[in-house]
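Please read the structure below before turning to the comments.
The values are calculated or read from the model by the stated rules, or taken from the named source; none is laboratory data. Predicted model only: the values in this text are computed from it and were never measured. Cβ atoms come from the backbone with ideal geometry, glycine included; neighbour counts cover every protein chain shown.
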Amino acid sequence: MKTITTEAKLTPKLLEELENIIQEGWYTDRSEAIRDAVRKLIMERRLSKEERNIIKDVEWGLHG
């Protein structure tokens, strides 16, 4: 899989927390952790959009 390098600016506290997660063995490096975080953000946004669409469909079904 081809990857593209991008820059991300983090506060010192966020970077410290990220490093702690890596040291705990959850990820092998910053890039892996950030990729996973972005994937989770995208999935969360998609679910939110799908949930809104479902609610609209239900409301339309109930009220025409």
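If we scan the stretch 22-31, do we find a residue that is in a helix (DSSP H, G or I) and within 16 Å of the chain's Cα centre (by Cα)?
yes
Taking Arg52 as the residue in question, decide whether it is in a helix (DSSP H, G or I) and within 14 Å of the chain's Cα centre (by Cα).
no
Inside the stretch 9-21, can you point out the residues that are surrounded by 10 or more Cβ atoms within 10 Å (Cβ to Cβ) and either in a helix (DSSP H, G or I) or in contact (Cβ under 8 Å) with a residue 24 or more places away in the chain (or both)?
Leu14, Leu15, Glu16, Glu17, Leu18, Glu19, Asn20, Ile21
Kindly indicate whether Gly64 is over 19 Å from the mean Cα position of the chain (by Cα), at pLDDT below 95 and among the small types (Gly, Ala, Ser).
yes
Can you confirm whether the stretch 30-47 contains a residue that is exposed (fewer than 10 other Cβ atoms within 10 Å of the Cβ), charged (D, E, K, R), out of contact with any Phe, Trp or Tyr (no Cβ under 7 Å at 6 or more places or on another chain) and modelled with pLDDT of 95 or more?
No, the stretch 30-47 contains no residue that is exposed (fewer than 10 other Cβ atoms within 10 Å of the Cβ), charged (D, E, K, R), out of contact with any Phe, Trp or Tyr (no Cβ under 7 Å at 6 or more places or on another chain) and modelled with pLDDT of 95 or more.
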